[in-house]
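Engineer: Could you have a look at this structure, given as structure tokens, before my questions?
The values are calculated or read from the model by the stated rules, or taken from the named source; none is laboratory data. Predicted model, so just to flag it, every value in this text is computed and none were measured. Positions of Cβ are generated from backbone atoms using ideal geometry, with glycine treated the same way; all protein chains shown enter the neighbour counts. Side chains included, ligands, DNA and RNA excluded: accessible areas come from the protein's heavy atoms. Shrake-Rupley method; radii C 1.70, N 1.55, O 1.52, S 1.80 Å.
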Amino acid sequence: MATELRCPDSMLCQNQQVNSSSTQNPEPQQSGDLIPAHAEGNSDSAAKLTLLSGHANSSVPAEWDSQVSGGATLNPENNGGTGNYDAPASDSLLGDCEISRQIGAQLKLLPMNDQIRELQTIIRDKTASRGDFMFSADRLIRLVVEEGLNQLPYKECMVTTPTGYKYEGVKFEKGNCGVSIMRSGEAMEQGLRDCCRSIRIGKILIQSDEETQRAKVYYAKFPPDIYRRKVLLMYPILSTGNTVIEAVKVLIEHGVQPSVIILLSLFSTPHGAKSIIQEFPEITILTTEVHPVAPTHFGQKYFGTD
């Protein structure tokens, strides 16, 4: 049973307003890219953060404790001397209550446990071997996909067991598909196929235009009847949210309503999730962690191009 966190209006919260009128650069393609700071704004709504069960973890590394609100940056000395392994988000360091104010009930977090925490740790660890990284990433992807399927509609059915017993169960309603945002989103395709062998999967390729530096769609291929389907949109790392925003616009152009889109992600920054939901309030985001630091090296390490 999903639970909701509410924040009293009297609590001090710093909210940041995202201008969603135009899409800027897509998600960082290089592990060293930094996310620009955004202007502060105010929000009077007491939004809610939906947890699938338990309590979502939004802990912050110890070296960030002394940071104040605004655009935070990593100290290279605290990051193995490189300073470019994770990209810091522009939001201040937020707890669950703060996030619940700013993002809303459309953000759903997997219940935190030691298993998920260990997988997140291995994925973020720059000393982890590629084999361990991929194994942990695939396990975490499978958990997210399984919960994503749980968000899809079922209908009741009756089956007969080998002993002749009539069993009342459920089965998927037809009309679902997956869409991966290339390239990192393709890492999640196998996890979806492992759960739904016959599901159809479309693809979108979005990159930054060299001249305008704006997100540009270079390729899109969907099932012809995608406008009648519920869509599991796959993109593992949400940093700025710009790539996903552009992808959703393409889906809308093909007749898909935001209310039937479920975004499957492994990691999200507060700013990334907030910007997507502000642009499309009816979309659902499912992730394992909301954290100011996004592991933007994910695609490079998973596909061996780091």
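Engineer: Work out, step by step, the length gained on full extension between TYR165 and PHE303: first 0.36 nm times the residue separation, then minus their alpha carbon distance; give nm to one decimal. Present the calculation step by step, with values, prior to reporting the outcome.
Structural biologist: Values: separation 138, 0.36 × 138 = 49.68 nm, distance 4.81 nm.
Net length gain for the segment: 44.9 nm.
Engineer: Of LYS108/LYS203; LYS108/LYS230; LYS126/LYS301; LYS155/LYS230; LYS221/LYS249; LYS221/LYS274, which ones are farther than 21 Å apart at the Cα? Write out the running numbers ahead of the final one.
Structural biologist: On the way: LYS108/LYS203 24 Å; LYS108/LYS230 17 Å; LYS126/LYS301 10 Å; LYS155/LYS230 15 Å; LYS221/LYS249 14 Å; LYS221/LYS274 27 Å.
Long pairs (Cα-Cα over 21 Å): LYS108/LYS203; LYS221/LYS274.
Engineer: Shifting gears a bit: Starting from the Cα of MET158, step 7 Å along the direction of its Cβ; do the same at LYS126; then give the gap between the two resulting points in nm.
Structural biologist: Label at MET158, label at LYS126, 6.2 nm between them.
Engineer: So if each residue of separation counts as 0.36 nm, and I subtract the Cα-Cα distance between PHE172 and ASN113, what length gain in nm does that give?
Structural biologist: This chain segment gains 18.5 nm when fully extended.
Engineer: Here is a further query. GluC sites (Glu not before Pro), restricted to segment 207-270: which are DSSP loop and have at most 11 other Cβ atoms within 10 Å?
Structural biologist: Sparse-neighbourhood loop GluC sites (Glu not before Pro): GLU210, GLU211.
Engineer: What chymotrypsin sites (Phe, Trp or Tyr not before Pro) does segment 155-253 have in DSSP loop regions with at most 13 other beta carbons within 10 Å?
Structural biologist: Sites meeting the loop and neighbour criteria: TYR165.
Engineer: Multiply the residue gap between SER198 and ASP225 by 0.36 nm, knock off their C-alpha separation, and tell me the result in nm, one decimal place.
Structural biologist: Fully extending the segment from SER198 to ASP225 adds 8.2 nm.
Engineer: For THR296, list long-range residues whose amide hydrogen, built 1.01 Å from N in the peptide plane, is under 5 Å from its own amide hydrogen.
Structural biologist: Residues meeting the criterion, in which the H sits 1.01 Å from N, are ALA87.
Engineer: Sticking with this structure for a sec: Run through segment 208-306 and list the trypsin sites (Lys or Arg not before Pro) located in a DSSP loop whose Cβ has at most 14 other Cβ atoms within 10 Å.
Structural biologist: ARG214
Engineer: For segment 93-303, what % of the accessible area comes from carbon and sulfur atoms, probe 1.4 Å?
Structural biologist: 48 percent
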